[in-house]
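Notes for the one structure printed next.
Values quoted throughout were computed directly from the atomic coordinates according to the rules given, and no laboratory measurement underlies them. The structure displayed is predicted, hence computed values, not measured ones. Cβ sites come from the backbone with ideal geometry, for glycine too, and all protein chains shown count toward neighbours.
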Amino acid sequence: MNIFIVTPYNIWPTTYGGAVRTFNLAKTLHSLGHEVTLFSANTIPENQYDFSWKSFLSANKASLFFNPNLTNTLKNEIQRRHPDLIIMEFPYHYFSLKRALPPNPPFILYDAHNVEYDRFKRLQKPWISKIVRVAEKATYKNADAVITVSETDKIKFERIYRKRKNVLILENGVDTNTFFPGTKDRSLIEKYNISSGPVILYFGAYDYLPNKQAAYTLKNTLWKKIKSIFPTAKLLLIGKHPPFESSYTEDIIVTGAVDDIVSHIRLGDALIVPLNSGGGTRLKIIEALATGIPVASTPIGAEGIKVPTDNKSIIISELDGLPDALFTLLNHDKHTLSTDARNFAETYDWTSLIKRIEWETLQKK
């Protein structure tokens, strides 16, 4: 099939969850034999991948909704390439995409990373949520098919809008050939001075408000109790745009953006996910598990992830119970937890997940 994948965002480098999902969708569909063209805003890698990658100019947040550059770029490529399927990542650019379509358009598939209206409502941003709802409702209603990241999100869409046909589920996954257990990098241990005591991880892009809030919750609410349980513990916050600097007196180390996220995840003894807002399925949890790192998360943090009852590598708890969840994880046999974590994460391998969808059926007859 000839497949176009269109996102209104700049997704290069792939340093946040939405970018990771879109990139892996393009890469995996290409590896399965499809002809793939990815359209994204502004920056694309200098060294092109096997699939085609095209950019368009996006100047500001308003251009998420109405962007003539996206419309013109896409219109020209549709006329030239005649795609069988267009995958919309996020709902914001629906009206820009609609203007690019010919009278007999290709099959439109909406890949819903979150229920965006619900996400902004949780963030207590009522005006933004109302604006977003207009684009999301139009996209959900008019797409030929919809993909959600979990059964939970599918039910939310049905509750907020209506039931509809052709709703598929494609969970967030992980590249298990990139994220896998390995030895800790001694140079990083020395760099961050974390040779003693358990290392508690949190990672993400902190210009995303739920991650920023989680970082402050860790520092201001949870860390004191964690330190009372593990006096030598270190907190390692990884990711771009950190909301505060390192506090060595509190054993809080802030790395900022890093080039090799896998080596940094391997430094941890456990991942803590104190999220109280957001949407979709947390890639950070699947990536940590694939690297053999156990996870303690709030229910919202682990939303959409179905954990087997016999798997001990992830504990879901309310916020005030996360320090005790860490105590349970860090007093369990490390090898057993690592094996459980890896085995569970392998069920979320991108290729396995994407193969479940019968892509050839997603085209106009």
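Multiplying the sequence separation of residue 138 and residue 177 by 0.36 nm and subtracting their Cα-Cα distance, what value in nm do you get?
Extra length available between residue 138 and residue 177 comes to 10.3 nm.
Relative to the longest principal axis of the Cα atoms of the chain, helix 151-160 runs at roughly 60 degrees. Only alpha carbons enter this Debye calculation for the chain, each as an equal point scatterer, and the log10 of I(q)/I(0) it gives at q = 0.11, 0.12 Å⁻¹ is -0.76, -0.90. Working from Cα pairs under 8 Å separated by at least six residues, relative contact order for region 186-346 is 21 percent. Within a straight-line Cα-Cα reach of under 23 Å, residue 225 can be paired with the following lysines, leaving aside sequence neighbours fewer than 8 residues apart in one chain: 212, 234, 312, 334. When DSSP beta bridges are restricted to pairs lying wholly in region 186-346, around 5% turn out antiparallel.
Start at zero, step by 10 Å, and the Cα-Cα distances of region 125-265 spread as 10, 28, 26, 21, 13, 2 percent across the bins.
Of the three principal axes defined by the Cα atoms of region 19-61, the extents in descending order read 35, 19, 14 Å. Under a model in which nothing but the beta-carbon of Lys, Arg (+1) and Asp, Glu (-1) is charged, the chain shows a dipole of about 1360 debye around its Cα centre. Here the dipole of region 1-147 is about 660 debye; that uses its Cα centre as origin and unit charges on the Cβ of Lys and Arg (positive) and Asp and Glu (negative). The chymotrypsin sites (Phe, Trp or Tyr not before Pro) of region 31-132 that DSSP puts in a loop, and whose beta carbon has at most 16 other beta carbons within 10 Å, are 49, 66. Mean residue ellipticity, 222 nm, helices only, the chain: the sum of -39500 (n - 2.57) across DSSP H runs of n ≥ 4, divided by residue count and rounded to 500, is -10500 deg cm²/dmol. Value of Rg to Rh for region 186-346, rounded to two decimals, is 0.92; Kirkwood radius and Rg both from alpha-carbon coordinates. For region 42-95, the fraction of alpha-carbon pairs lying more than 16 Å apart is 51 percent, rounded to a whole number. Counting only alpha carbon atoms, the long axis of helix 334-346 and the longest principal axis of the chain meet at about 0°. How tilted is helix 126-142 with respect to the longest principal axis of the chain? Cα atoms for both, answer in degrees (0 to 90, nearest 10). Long axis of 126-142 versus the principal axis of the chain: about 50 degrees. Taking only the Cα atoms of region 193-255, the radius of gyration and Dmax are 11.1, 32 Å.
Placing unit charges on each Cβ (+1 for Lys and Arg, -1 for Asp and Glu) gives region 85-149 a dipole about its Cα centre, and among 95, 105, 145 the Cα reaching farthest toward its positive end belongs to 95. Legend: translational diffusion of region 87-171 by Stokes-Einstein, Rh = Kirkwood radius over C-alpha pairs, 10 °C, 1.306 mPa s; D = 122 µm²/s.
Seen from all directions on average, region 1-86 presents a Cα convex hull projection of 5.5 nm². Over region 270-365, what number does the Rg to Rh ratio reach, with both radii from the alpha-carbon atoms and Rh per Kirkwood? Answer for region 270-365: 1.08. Taking GluC sites (Glu not before Pro) in DSSP loop conformation with at most 13 other Cβ atoms inside 10 Å as exposed sites, the chain has its longest uninterrupted site-free stretch at 47-244.
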